[in-house]
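Coordinate-derived values only; no laboratory data. Note that this is a predicted model, so its numbers are computed, not measured. FYI the Cβ positions are ideal-geometry reconstructions off the backbone, even for glycines, and counts take in every protein chain you see.
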Amino acid sequence: MGTGSPPPLTPRKSPRQGRAIATVEAIFEATLQVLSSDGLIRLNTTRVARRAGVSVGTLYQYFPNKQALLFAVLERHLDMLASAIERARDQNPGAAKELIAEAVVKAYLQTQLAQAEISPALYRIAMELDARALIEAAARRSAGAVEAMLSTSADGRFADPGLLAQTLTAALYGAVPPFCHRVLSAADGLEAERQLTIMFRSYLVAQPKQD
């Protein structure tokens, strides 16, 4: 017996006017609150709409189902991660390699930890909704930002900054999410940042420079 078509994951429409944008922002915030207070299993569109102060019909104007809403929440989170690394690039022009390692790790992990309470839910959403394309897109943006930092490093030119950037980004997006399946304490987050910074610094220091 067939299982039928999977539910659509794309939004029905994008908000364009101020009131609509505010409504969607309220829906996103309400989704995060329900994830934090009730968990992923108990989350439904009725609970989210009630928390957002809108009707279920209004929610459905933008998101056709629960899965589409969760997919959008995950997409937003990944955009925040990539944007944080892009800001680190903009804020550290011509930085030395050790500072690059510190800036990239801090940008990524602090963004993750800002939503530590819902990290397990985000991890499950990514697994259940097959978000590989979203993750790959965020990783490509991040790798581009890291490559730009390495290409202008104060320590000289790396032989292949693109490959280095892809390796570091793969470590972030591949190694970090698995330990985000649980809520990280502030102390755990600081230790994770310290350990990853050591790893990234050691990796960059060991790289040969271009003659």
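What list of ³J(HN,Hα) values in whole Hz, one per residue of segment 27-37 in order, does the Karplus curve 6.51 cos²θ - 1.76 cosθ + 1.60 (θ = phi - 60°) give from phi, with Gly and Pro shown as x?
Per-residue couplings from phi come out as 5, 4, 4, 5, 4, 5, 5, 5, 4, 5, 8 Hz.
Determine the distance separating the Cα centre of segment 40-86 from the Cα centre of segment 17-35; give it in Å without decimals.
Centre-to-centre (Cα) distance: 8 Å.
Ala137 versus Val205, label points 7 Å from Cα toward the beta carbon: distance in nm?
Label at Ala137, label at Val205, 3.8 nm between them.
With charges set only on the Cβ (+1 for Lys and Arg, -1 for Asp and Glu), what does the dipole of segment 18-64 come to about its Cα centre, in debye to the nearest 20?
120
What translational diffusion coefficient, to the nearest whole µm²/s, does segment 68-161 have by Stokes-Einstein, given a Kirkwood radius computed over alpha-carbon pairs, a temperature of 20 °C and 1.002 mPa s viscosity?
Estimated diffusion coefficient is 153 µm²/s.
Report the calculated FRET efficiency for Gln110 and Ser55 (r = Cβ-Cβ distance, R0 = 45 Å), to the nearest 0.05.
FRET efficiency, Gln110 to Ser55: 0.80.
Which FRET efficiency value, to the nearest 0.05, do you get for Asp130 and Thr167 by plugging their Cβ-Cβ distance into 1/(1 + (r/R0)^6) with R0 = 22 Å?
After rounding, the FRET efficiency stands at 0.35.
Using the Cα centre as the reference, give the magnitude of the dipole from point charges on the C-beta atoms of the chain (Lys, Arg: +1; Asp, Glu: -1; all else neutral), rounded to the nearest 20 debye.
Roughly 760 debye, rounded to the nearest 20.
Using amide H atoms built 1.01 Å from N in the peptide plane, name the residues 5+ places from Phe158, or on other chains, whose amide H lies under 5 Å from its own.
Gln210
Quick one: how many lysine pairs in the chain have C-alpha atoms under 29 angstrom apart, if they're 8 or more apart or on different chains?
So the count of such lysine pairs works out to 4.
Answer with one residue from Pro120, Ile135, Gly39: the one whose Cα lies farthest towards the positive end of the charge dipole of the chain, charges on Cβ with Lys, Arg +1 and Asp, Glu -1.
Gly39
Once fully extended, how much extra length lies between Arg42 and Ala22, figured as 0.36 nm per residue of separation less the alpha-carbon to alpha-carbon distance?
4.7 nm
Working out 0.36 nm times the residue gap between Arg76 and Ala96, then minus their Cα-Cα distance, what length gain in nm do you get to one decimal?
The Arg76-Ala96 span can extend by a further 4.1 nm.
Ignoring everything except DSSP H segments at least 4 long, calculate the 222 nm mean residue ellipticity for the chain; use -39,500 (n - 2.57) per segment, divide by total residues, nearest 500.
That comes out to -23500 deg cm²/dmol.
Tell me the Rg and the Dmax, in Å, that the Cα atoms of segment 18-64 produce.
9.9, 32
Explain nothing, just the number: relative contact order of segment 18-64, from Cα pairs under 8 Å at least 6 residues apart, as a whole percent.
For segment 18-64, the relative contact order is 37 percent.
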